[in-house]
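Below is one structure; the comments refer to it alone.
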Amino acid sequence: MSQDRNAPIVAFHRLIPGIPAPERADRSGLGGLPTRAFRYCDAVTTAAGFGWHITAPLDLSLMWDGHEVLWTCEELEHEWMPLGLGAVQYPHFRARFDEEVPEDIRGFSPPFLTGLPEPGVVQMWTGLFVRTAPGWSLLSRAPANLPRSPHYEQFEGVVEFDKWFGPLFTNIRLTRTDTPVEINQLRPILQVQPIPQFAYADAVMNASTTTDAFTQWGDAEWDLYRESVVAPASVEEHKPGHYAAEVRRQRRGQGCPFAAMAAAREAGPTS
């Protein structure tokens, strides 16, 4: 099946009305990156800006007492409720869901929080469903280059949403007991990043090599070393950000990669 050239690589669908839409991740790390990193380190800013930020669908708090996870939010008047190994719905969502969906789908609203068997681990639904273009997956992870809470960790996952039209979850592992963990909409809970599936195929993962520079490098490698290390360090007034400037220059000259791909398809095979 051919792909619609106008179709997005990633399509987000909000099932919970009114929740914040995903936003393009910010190269400045929401203003939190050091000024030198923002100005001169393209590696850091590119990682920070790669993908979309997802915020939690509401402000809530979690707490692990060593045996089970408790949760609360404003709708619960901040009364702590045990989660156990069960699941809870987003406040008032189930009734709205059953009003809006086809009759045979009623009663199948996705859970908001689910207690998992692993100690202190909770699965949280973002309120979103996702569809990706054929051949594309979504990497779900904690926001890149933002300070992380010392009270919880997040599992990373790669989901092939082109084959599975499903809810976007994140799995949270609470790392301290009897400590309330606040999750709010002031900062994103997730960063999701589009990845072509060939990038993690076995053929690619098994194609790396390792060389010993002193015994295996030739003139080509040492010339590149002179260009990237020796020359910038030898100028009278060393200016930081040489790599960043060069990468940006080359990036501007490349144009749109999808336009080039489309042109190649239209040209057809060459003899």
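The values are calculated or read from the model by the stated rules, or taken from the named source; none is laboratory data. Quick caveat: nothing in here was measured; it's all calculated off a predicted structure. Positions of Cβ are backbone-derived with ideal geometry, glycine not excepted, and every protein chain shown enters the neighbour counts. We work out accessible area using only protein heavy atoms, side chains counted, and drop any ligands, DNA or RNA first. Shrake-Rupley method; radii C 1.70, N 1.55, O 1.52, S 1.80 Å.
Using every pair of distinct Cα positions in the chain, the Kirkwood expression returns a hydrodynamic radius of 22.3 angstrom. One compactness figure for segment 62-148 is 1.33, namely its Cα radius of gyration divided by 2.2 N^0.38 Å. Apolar share of the accessible surface for the chain: 55 percent from carbon plus sulfur atoms, 1.4 Å probe. The three principal axes of the C-alpha atoms in segment 173-226 carry coordinate ranges of 59, 27, 23 Å, sorted with the longest axis first.
Hey, could you get me the Stokes-Einstein D for segment 1-120, Kirkwood radius over alpha-carbon pairs, 37 °C and 0.692 mPa s, rounded to whole µm² s⁻¹?
On the way: Rh = 18.1 Å.
Estimated via Stokes-Einstein, D reaches 181 µm²/s.
Electrostatic tally near Gly66: other residues with Cβ closer than 12 Å to its Cβ, Lys and Arg +1, Asp and Glu -1, net -2.
Are there trypsin sites (Lys or Arg not before Pro) in segment 100-142 that DSSP marks as loop and that have at most 15 other Cβ atoms within 10 Å, and which are they?
Those satisfying the criteria are Arg106.
In the full protein context, the chain carries 64 Å² of accessible surface per residue, based on a 1.4 Å probe and ignoring ligands, DNA and RNA.
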